Amino acid sequence: MGNSSGHNNTMSIPPGKGPHQVGCTDLMVGHTVHGTFLRLYYPCQASENPQLPDWVPCREYFNGLADFMKMNRALSERIFNYLFGNCKTPAAWNASFKRDGKYPVIIFSHGLGAFRTLYSAICVELASQGFIVASVEHRCLLSVGIYLNCLCSMQMMIQITFMFQVKQRADECIRALDILFDINSGKSVENVLQCDFDLSTMENSMDLCRIAIMGHSFGGATVIECLCKDVKFKCGVALDTWMFPLDEEIFPGVKQPIFFINSEKFQWIGNIIRMKKLDSAIFPRKMITIKGTVHQSFPDFTFLTGNWIGRLMKLKGEIDPHIALDLSNKATLAFLQRHLNMDRDFNQWDPLIDGKDDNLIPGTNITIPQSSI
């Protein structure tokens, strides 16, 4: 993959493999800090020439990525625009919703420094398999960090700031779910973005007894927080979770099944030990590690850079990204069928939940000292 410059303009985010064509729209409810902003992916009516939205919605997101990566804005905007400016999300923009019984629901939480569109390969695949997926755009709490800086040591300030953030993120996910409940019940929901998509067509189309929460990195921590806060989430899938923001006191309150899907290169002893503290003899806990993957093997970046740039920027691992994400998605679908009590054929991938594949490691590749256990 990739040409001599490390970039190939033909690179693209893979489309969904399921039986449904996928549509997407943006939904914003309210302008305040208590408002909600999300990208909604859903099964849609088939069309021959669908309009595909830009993967990065506007240039301001390039500036946000630059700030997060501590890069010069002017230079990074040129780099990002060259690499990703023409990329499209493989979903039909504002396409007509496809009514076909009731679809289970997934709320997706992105990682730190990311935004609602950066995990479209995962969200599109899940929607193509018959889910309604709401990818929440989170706000940050920099003001809280500034305030706490006056009161605490730096280390304590950082930890408390992220604990505030993960709680806010969970609240944002729960508010997004509440909005889906309103849409499903036929209540009028005002989209301040004034998109052409008719939300009323989704009335009574969601199976709200089958709801999962899913996220990557900081979003993985958000998964754990959400499971503790709201029992409407029946299970959680946590991708390469960063456990630092979580208060371990909430762990006994997490009684739903959890599936940790980790990369090979990101995890470390302390982080895995915290995951293990969620182990239970009563409530299902599963963990697998995908060989040859890095932390950024889950966002879409991994499909949009050549080998040279991808590995230089740690956006690619040693494994083909299509193989890696296919394993993650299939394992996820099998786990969701099992714990949402769905009548699908995803159980054909049940062995992946236990790490039974040449590219998977059951549990973790990290050696944990017995004294730590």
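The values are calculated or read from the model by the stated rules, or taken from the named source; none is laboratory data. What you see is a predicted model; the values in this text were computed from it and never measured. Counting neighbours? That spans all protein chains shown, and the Cβs are built from the backbone with ideal geometry, glycine included. Protein only, heavy atoms only, side chains kept; ligands, DNA and RNA dropped before computing areas. Shrake-Rupley method; radii C 1.70, N 1.55, O 1.52, S 1.80 Å.
To keep it simple, each residue is scored yes or no on (1) out of contact with any Pro (no Cβ under 9 Å at 6 or more places or on another chain); (2) in contact (Cβ under 8 Å) with a residue 40 or more places away in the chain; (3) open to solvent by 10 Å² or more (accessible area, probe 1.4 Å).
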| residue | (1), (2), (3) |
| --- | --- |
| Q21 | no, yes, yes |
| M71 | yes, no, yes |
| A91 | no, yes, no |
| A95 | no, yes, yes |
| V105 | yes, yes, no |
- Query: From the residues in the range 9-32 that are touching a Phe, Trp or Tyr at 6+ places or on another chain (Cβ under 9 Å) and of a type in the set (V, I, T), which one is farthest from A91 (Cα to Cα)?
  - Reply: V29
- Please state which of the following conditions T305 fails to meet, knowing it meets all the rest: (1) in contact (Cβ under 8 Å) with a residue 40 or more places away in the chain; (2) closer than 19 Å to F108 by Cβ; (3) of a type outside the set (F, W, Y). (2)
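If we scan the range 136-156, do we find a residue that is buried (at least 22 other Cβ atoms within 10 Å of the Cβ) and either modelled with pLDDT under 95 or within 28 Å of R59 (Cα to Cα) (or both)?
yes
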- Task: Please note which helices (runs of 4 or more DSSP H) are completely contained in the range 248-344 and include at least 1 residues that are at pLDDT below 95.
- Result: 307-312
- So, in the range 232-256, of the ones that are among the aromatic types (F, W, Y) and either open to solvent by 10 Å² or more (accessible area, probe 1.4 Å) or touching a Phe, Trp or Tyr at 6+ places or on another chain (Cβ under 7 Å) (or both), which residue ends up farthest from I179 (Cα to Cα)? F244
- Task: Take the residues in the range 182-215 that are small (G, A, S) and over 24 Å from the mean Cα position of the chain (by Cα), then tell me which one is least open to solvent (accessible area, probe 1.4 Å).
- Result: G186
- Task: Could you list all residues from the range 345-363 that are in a helix (DSSP H, G or I) and surrounded by 17 or more Cβ atoms within 10 Å (Cβ to Cβ)?
- Result: F346, W349, L352, I353
- Task: Would you check if there is a residue in the range 216-227 being free of Cβ contacts under 8 Å to residues at least 60 places away in the same chain and open to solvent by 50 Å² or more (accessible area, probe 1.4 Å)?
- Result: no
- Task: Could you list all residues from the range 26-50 that are part of a strand (DSSP E or B), open to solvent by 10 Å² or more (accessible area, probe 1.4 Å) and among the aliphatic types (A, V, I, L, M)?
- Result: M28, V29
- Query: Can you tell me which residues in the range 85-116 are within 23 Å of L193 (Cα to Cα) and of a type in the set (K, R)?
  - Reply: K88, K98, R116
- Note on the structure: Per the list (1) over 15 Å from the mean Cα position of the chain (by Cα); (2) assigned to a helix (DSSP H, G or I), residue check on I224 breaks on (1)
- Query: Condition test on K316, is it farther than 20 Å from A127 by Cα, of a type in the set (D, E, K, R) and crowded, with 24+ Cβ neighbours inside 10 Å?
  - Reply: yes
- Query: For the range 53-69, how many residues meet the condition of being in a loop (DSSP other than H, G, I, E, B) and loosely packed, with under 15 Cβ neighbours inside 10 Å?
  - Reply: 3
- Answer yes or no as to whether I366 is farther than 19 Å from M11 by Cα, touching a residue at least 40 places away in the same chain (Cβ under 8 Å), part of a loop (DSSP other than H, G, I, E, B) and open to solvent by less than 60 Å² (accessible area, probe 1.4 Å). yes
- Message: Condition check: assigned to a helix (DSSP H, G or I), open to solvent by less than 10 Å² (accessible area, probe 1.4 Å) and modelled with pLDDT under 80. Does S76 satisfy that?
- Response: yes
